[in-house]
1. Exactly one condition in (1) at pLDDT below 80; (2) closer than 17 Å to Leu222 by Cβ is not met by Asn187; state its number.
2. State which residue is surrounded by the most Cβ atoms within 10 Å (Cβ to Cβ) when the search covers only the range 144-167 and only residues that are without any contact (Cβ under 8 Å) to a residue 40 or more places away in the chain and in a loop (DSSP other than H, G, I, E, B).
3. Which pairs do you get when a residue that is outside any helix (DSSP H, G or I), found in the range 121-133, comes within reach of a residue that is open to solvent by 60 Å² or more (accessible area, probe 1.4 Å) and not hydrophobic (A, V, I, L, M, F, W, C), reach meaning Cβ atoms under 6 angstrom, with the pair 6+ apart or on two chains?
4. Looking only at the range 95-115, filter to residues that are in contact (Cβ under 8 Å) with a residue 40 or more places away in the chain and closer than 15 Å to Thr130 by Cα; which one of those is surrounded by the most Cβ atoms within 10 Å (Cβ to Cβ)?
5. Return the only residue of Ile207, Ile136, Ile172 being at pLDDT 85 or above and within 21 Å of Glu102 (Cβ to Cβ).
6. For the range 40-48, does any single residue satisfy the condition of being part of a loop (DSSP other than H, G, I, E, B), open to solvent by less than 40 Å² (accessible area, probe 1.4 Å) and in contact with a helix residue (DSSP H, G or I) (Cβ under 9 Å, 6 or more places away or on another chain)?
7. Do you know which residues across the range 16-29 are in a helix (DSSP H, G or I) and either at pLDDT 90 or above or under 10 Å from Ala41 (Cα atoms) (or both)?
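The values are calculated or read from the model by the stated rules, or taken from the named source; none is laboratory data. Only a predicted model underlies this, so the values are computations on that prediction, with no experimental measurement involved. Don't worry about glycine lacking a Cβ; one is built from the backbone with ideal geometry, like all the others, and counts go over all protein chains shown. Protein only, heavy atoms only, side chains kept; ligands, DNA and RNA dropped before computing areas. Shrake-Rupley method; radii C 1.70, N 1.55, O 1.52, S 1.80 Å.
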Amino acid sequence: MTLTRRRKEFLHKIKKIYENTGTPVHYITVAEALGVSKWTAYDILKELEKEGYLRSEYSVSREERYSGRSVLLFLPTPKAGELFLREKEEIDHMEEWHAAREKLLEIFEDVKKHGSKKIIDDLLKEMPATEAPIIISTYIIAVLIVYVQNLGAKAVKMIKNLLQPALRPELILSLFAGTVLGATVKNMHDVINGRLADEVGRLQKYISEFSAKENKLLVKFLSDALERSI
């Protein structure tokens, strides 16, 4: 289950307090840190416990205000740590993607100088260096665009006409990939090696798994890259 922004805020706060103190956290401490009522904090922390992000335990408090009383304390589970680790990795991948995007947008002006075959070969060699699906997908799209660019301005304009705003991003990307792959059948001996079909299959798989936001980013890259290819 995807956490709401509010629950994630509570989870992040209790994780930070726990990391700073090294001891389980009372729900009132979280309430005070976030400026909410103690009952609101209690309810949300219990929900997070049910979802496996926290666990609770009773302990005799040494704090003056709870001295001698048994109090309910919470601490984050490994599942919480994994959640924030995944989010950090996603942020890191997006930073890498923006850098890759800018780098790839520059190559379309070099096709006439270096030749499409060399550029495609170079892109395919660079691709294994990353494990991020969105970056790999961007490289595959770049390879396909260079191929279209090699066919001439008319082919680029034809592909641009596929980018209908009314279509969902994943449909635009799939239509683009399928159309270009079909065009390679007649010209396979020119610049494309046998690996392209496998890469397009991988792209189609990623497209089906990406979020709407990720597919929109790829469509925007596709649109900008085609503009540079004319």
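1. Every listed condition holds for Asn187 apart from (2).
2. Among those that are without any contact (Cβ under 8 Å) to a residue 40 or more places away in the chain and in a loop (DSSP other than H, G, I, E, B), it is Leu162.
3. Ala132/His93
4. Leu104
5. Working: Ile207 fails: within 21 Å of Glu102 (Cβ to Cβ); Ile172 fails: within 21 Å of Glu102 (Cβ to Cβ).
Every option except Ile136 fails the conditions.
6. If we filter the range 40-48 for residues that are part of a loop (DSSP other than H, G, I, E, B), which is where we start, we get none.
No, the conditions are met nowhere in the range 40-48.
7. Our first condition is that a residue be in a helix (DSSP H, G or I); within the range 16-29, this holds for 16-21, 27-29.
Result: Lys16, Ile17, Tyr18, Asn20, Thr21, Tyr27, Ile28, Thr29.
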